[in-house]
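Every read-out reported here was derived from the displayed coordinates using simple, explicitly stated rules and does not represent laboratory data. The structure presented is a predicted model; accordingly, all values stated were derived computationally and were not measured. When we count neighbours, we look across all protein chains shown, and the Cβ atoms used for this are built from the backbone with ideal geometry, even at glycine.
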Amino acid sequence: MTKVRAKKHLGQHFLTDLKAAQRIAESLTTDAPNTILEIGPGMGVLTQFLLQNERYNVSVVEIDTESVTYLKEHYPQLEGKIIEGDFLKLDLTKYFQEPFTIIGNFPYNISSQILFKVLEHIDLVPQFAGMFQKEVAQRIASGPGTKDYGILSVLLQAYYNIEYLFTVNEGAFNPPPKVKSGVIRLMRNERTELPCDAKLFKQVVKMGFNQRRKTLSNSLKGMLGDIKPEGEIFRKRPEQLSVEEFFDLTIIIENIKNNA
Ligand code: SAH
């Protein structure tokens, strides 16, 4: 069968640089669970390197029928391991009862949705590695005080240690994307429980960054009602707060709510 025709609406930019593909596959550490799920394998450029590792039990999820046909033809080892469908709609607990690893050269059009889905399954996914557009990869890995720091950085860093590993240039793909790409690795941290209410934490982070130029006392008004909050923390802007400070802030708001 001839190669898969790249479809824009599926975010298809096939990696042609084998060295880069191998480096992504090797970005997983020895702590990563052997059960691997690759999102969006396309023509299997990354999959082939994962399959070479005998420790791994590799499954893939691919939405594109043409790619699935290609994979079945070229990788007989994947027999029974190809989930044909949309990762975003996949009931992960149905397929995985034990912790597993996620990897991929991901479809960039759904980067944030993939990451938000991982956030719903933090204990099932202790390691997550792969490629996003460089900006997204940097944003997730960056700390307070930078313009890249945002909702996903704080929420993911609450549960994962995140490393930016390397950059891949446009020319490594066919068709080449308009932007550079970045490979990152997320490893579940030691935090089994947040020091504050997890649901409220998520709301505080989202609401805080919704108007990132404003101080937190302004942007969190909707949560505070009539209360004029005191304390230095409310005079800051969201990008100035570390993950720990977002926990503190959530605890303060929890108390305000409880006493209201
Ligand atoms: N990993 C391959 C392909 C990258 S392009 C490579 O490096 O060459 C992104 C891939 O994700 C495409 O194969 C596309 O069909 C697939 N994809 C896009 N949206 C998806 C979704 N919602 N669920 C699963 N796969 C998806």
Inset, instruction - Count charges around residue 90 for me, please; just the other residues with Cβ under 13 Å from its Cβ, Lys/Arg as +1, Asp/Glu as -1. - result: -3
Inset, instruction - Have a look at 150, 208, 171 and tell me which one the Gaussian network model of the chain (Cα, springs below 10 Å) gives the largest fluctuation. - result: 171
Legend entry - Calculated from backbone phi, Karplus (6.51, -1.76, 1.60) coupling profile of region 120-131 in Hz, x at Gly/Pro: 7, 9, 3, 7, 8, 10, x, 9, 9, 9, x, 10
Legend entry - Most mobile of 232, 98, 170 in a GNM of the chain (Cα contacts under 10 Å): 232
Inset, instruction - Sort 222-228, 122-128 for me by packing, meaning the mean count of neighbouring Cβ atoms within 10 Å per residue, highest on top. - result: 122-128, 222-228
Legend entry - Unit charges at the beta carbon, dipole of the chain: most positive-side option, 124, 60, 153: 153
Inset, instruction - Could you pull out every residue, at least 5 positions away or on a different chain, whose amide H is within less than 5 Å of the one on residue 105? Hs are placed 1.01 Å off N in the peptide plane, and Pro or chain starts have none. - result: 131
Inset, instruction - Per DSSP H run of at least 4 residues, take -39500 (n - 2.57); add these up for the chain, divide by its residues and hand me the 222 nm value, nearest 500 deg cm²/dmol. - result: -9500 deg cm²/dmol
